[in-house]
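Shown next, in structure tokens, is the structure this report addresses.
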Amino acid sequence: MSDCYEDLTLQSTSQLAEFAGSDAEFYNCRFEKIDFSALQDEGFFPGKRFIDCEFLGANLSNQNLLNSLFRSCHFNQSKLLGLNWCSARPPEDLKFIDCQMNLSVFQELDLEKTSFKGSSLREADFSRAKLQKASFEDCDLSGAVFNQADLRAASFRGAVGYFVDPSITQLKGTKVQMPEALSLLRALEIDVD
């Protein structure tokens, strides 16, 4: 049986020590400016469930998300570098605002309507992900991979550095802006003067 914690506001790594290693559920909790990497040896995230939680200015970089669950969670101004979201249970209803998410892996995940607004997603891997109506507005997508992804009705307004091959990616209704939209032509080997 797992322990359930509700309506907590946690602001220091020392407050998390009692939850490390346990099979805990967090409902409507806030994690403010916590550096989870300080708990890496304890393996804080595996098996834990986070529902309706907020991570504000937190550092989850390079954490093991094995069998963890994130449902209706918001991440604001947090560092989420190198996370393999595929090792977690399928996430639902996530929102990322102004986060650093470089080198993260989202392969084959259903991320419909997920917002990544203003985030850095350099070299992130979205191969075969379902990203219908997702928002990549104002994101840095340099080196990000979207091979065989479903990007129908997704928004790339204000995004930079992305490259999407329309021959292997679903793009119907995708919102793009110039000059970045020219990358779609580059994939088709069309020269624009």
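The values are calculated or read from the model by the stated rules, or taken from the named source; none is laboratory data. None of the values given here were measured: they were computed from a predicted structure. Note that each Cβ is placed from the backbone with ideal geometry, even for glycine, and that neighbours are counted across all protein chains shown.
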request  = Would you check if PHE126 is under 18 Å from PHE45 (Cβ atoms) and buried (at least 22 other Cβ atoms within 10 Å of the Cβ)?
outcome  = no
ask   = Yes or no: SER167 over 18 Å from LEU80 (Cα atoms), in contact with a strand residue (DSSP E or B) (Cβ under 8 Å, 6 or more places away or on another chain), hydroxyl-bearing (Ser, Thr, Tyr) and not in a strand (DSSP E or B)?
value = no
note = Of the residues in region 162-193 that are at pLDDT 85 or above and closer than 12 Å to GLU137 by Cα, the one that is farthest from the chain's Cα centre (by Cα) is LYS175
note = Condition set under 20 Å from ASN64 (Cα atoms) and part of a loop (DSSP other than H, G, I, E, B), scope region 1-28, selection modelled with the highest pLDDT: answer is SER12
note = Across region 139-151, the tally of residues that are over 15 Å from GLU108 (Cα atoms) and more than 14 Å from the chain's Cα centre (by Cα) stands at 2
note = ALA38: passes all of (1) of a type outside the set (Lys, Arg); (2) closer than 24 Å to PRO90 by Cβ; (3) modelled with pLDDT under 80 but (2)
remark   = In region 125-177, residues that are touching a residue at least 24 places away in the same chain (Cβ under 8 Å) and under 17 Å from LYS95 (Cα atoms) total 2
inquiry  = Can you report the number of residues in region 38-93 which are assigned to a strand (DSSP E or B) and either free of Cβ contacts under 8 Å to residues at least 24 places away in the same chain or surrounded by fewer than 16 Cβ atoms within 10 Å (Cβ to Cβ) (or both)?
reply    = 7
